[in-house]
Amino acid sequence: MINIFKTEQSVIRTIDAFEDGAWVQMVDPSVQELNKVSEAYDIEVSDLATALDEEESSRISLEDGYTLILVDIPSPEVRHEKKMYTTIPLGILIKQNAIITICKEDTPVLQYFIRNKVREFSTKKKMRFIYQLLLRSAALYQAYLRGIDKKRIDGDTQDVDIIELHELESTLVYFATSLRSNSIVLERLRRYKRLEQYPEDMELLEDVMVEYQQAIEMTAI
């Protein structure tokens with residue numbers, strides 16, 4: 001699925017064509033959709049498809065004419081008939097005239113933007129959009145970690161399901177690994193020079209790094 005969005009006067013709207021300043025959201029895209037965006041923006045299909053591989057790790061790649069950012073975001077899932085959490089890749093491609101996101105799922109991280117719940121959000125301010133997106137991701141990590149902690153505290157240790165304990169432990173391992181990898185990406189973004197970064201963008205990045213560090217500490221505890 002491909003959705004194309006553009007903000008006008010801080011209000012997001014859906015548009016029908018690939019325009020300058022647009023956000024192209026790809027959710028579990030087909031081969032035809034990958035090829036369509038690849039041709040429209042002169043991006044390698046393999047780079048667009050990277051985020052669809054669950055084994056891919058977080059990183060930044062500087063390519064000819066665009067930048068690929070890959071991060072892990074938290075996602076709820078059902079394991080052994082119980083609600084648990086995992087992490088999935090989110091690909092972000094920055095072109096001079098657009099920003100493209102690719103994810104296997106219609107993640108709540110991005111739905112927050114689509115529902116127009118982010119203040120001062122603009123599809124044209126690409127670096128700020130990325131930092132706002134990562135800040136939302138950090139907030140979700142923390143919310144899910146608080147839920148795990150509450151489940152641990154509220155549970156009767158005599159009746160705790162061993163399988164559930166194992167799955168909770170697996171979730172924490174996923175989170176710890178992904179949060180550390182994302183933090184390395186954030187450090188590289190601090191030094192990112194390909195696109196202009198304004199002082200307020202850098203301040204937002206510092207906030208994101210603080211929130212990720214807090215999530216790392218919550219996971220360790």
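Packing around the peptides 181-187, 162-168, taken as the average count of other Cβ atoms within 10 Å per residue, puts them in this order, highest first: 181-187, 162-168.
Kindly report the accessible area of region 115-221 per residue (heavy atoms of protein chains, probe 1.4 Å, no ligands, DNA or RNA), in Å².
Values: 6340 Å² over 107 residues.
I get 59 Å² per residue for region 115-221.
Relative contact order of region 1-151: what whole-number percent is it, with Cα pairs under 8 angstrom and at least 6 residues apart? Show your work: numbers first, answer last.
Details: 248 pairs, mean separation 36.3, N = 151.
Taking the mean separation of contacting Cα pairs over the length of region 1-151, I get 24 percent.
Applying 0.36 nm per residue to the separation of residue 18 and residue 62 and subtracting their alpha-carbon distance, the gain on full extension is 13.6 nm. Computed from Cα positions, the angle between helix 126-154 and the longest principal axis of the chain comes to roughly 10 degrees.
In this structure the amide hydrogen of residue 22, modeled in the peptide plane, comes within under 5 Å of the amide hydrogens of 99, none closer than 5 places in sequence on its chain.
Summing +1 for each Lys or Arg and -1 for each Asp or Glu, what net charge is found among the other residues whose Cβ lies under 12 Å from the Cβ of residue 66? Walk me through the intermediate numbers first.
Values: positive: 95, 126, 194; negative: 42, 44, 47, 63, 64.
Neighbourhood net charge equals -2.
Comparing 75, 127, 50 along the charge dipole axis of region 40-168, the residue lying farthest to the positive side is 127, per the Cβ-charge model.
Express in nm, to one decimal, how much length is gained between residue 30 and residue 194 on full extension, taking 0.36 nm for each residue of separation and deducting their alpha carbon distance. Display every interim value, and only then the final one.
Numbers: separation 164, 0.36 × 164 = 59.04 nm, distance 3.00 nm.
Going from the current span to full extension adds 56.0 nm.
Quick note on region 102-202: its Rg to Rh ratio, both from C-alpha atoms and Rh being the Kirkwood radius, is 1.08.
Helix 162-190 versus the longest principal axis of the chain: what is the Cα-based angle in degrees, 0 to 90, to the nearest 10? Computed tilt is about 30 degrees.
By accessible area, using a 1.4 Å probe on protein heavy atoms only, region 71-202 has 52% of its surface on carbon and sulfur. In a reduced charge model with +1 at each Lys and Arg Cβ and -1 at each Asp and Glu Cβ, region 21-71 shows a dipole moment near 200 debye about its Cα centre. The listed peptides 15-27, 207-219, ordered by packing as a protection proxy, come out as 207-219, 15-27 (highest mean of other Cβ atoms within 10 Å first). If a paramagnetic tag sat 7 Å from the Cα of residue 77 along the Cα-Cβ line, which residues of region 166-190 would have the backbone N under 15 Å from that point? Residues 167-178 qualify, since their backbone N sits under 15 Å from the label point.
When both bridge partners sit in the chain, DSSP labels roughly 85% of those beta bridges antiparallel.
Give the dimensionless ratio obtained when the Cα radius of gyration of region 1-66 is divided by 2.2 N^0.38 Å. Present the calculation step by step, with values, prior to reporting the outcome.
Numbers: Rg = 13.1 Å, N = 66, 2.2 N^0.38 = 10.8 Å.
Working it through for region 1-66, the quotient is 1.22.
Hey, can you find the accessible area per residue of region 1-113 for me, probe 1.4 Å, expressed in square angstrom?
Values: 5190 Å² over 113 residues.
Roughly 46 Å² per residue, with all protein chains present.
Distance between the modelled labels on residue 183 and residue 115, one decimal in nanometres: 3.0 nm (7 Å Cα→Cβ projection).
The values are calculated or read from the model by the stated rules, or taken from the named source; none is laboratory data. What you are looking at is a predicted structure, and each value in this text was computed from that prediction instead of being measured. Virtual Cβ from ideal backbone geometry, glycine too; neighbours counted across all protein chains shown. Please note that ligands, DNA and RNA were not included when accessible areas were found on the heavy atoms of the full protein model with its side chains. Shrake-Rupley method; radii C 1.70, N 1.55, O 1.52, S 1.80 Å.
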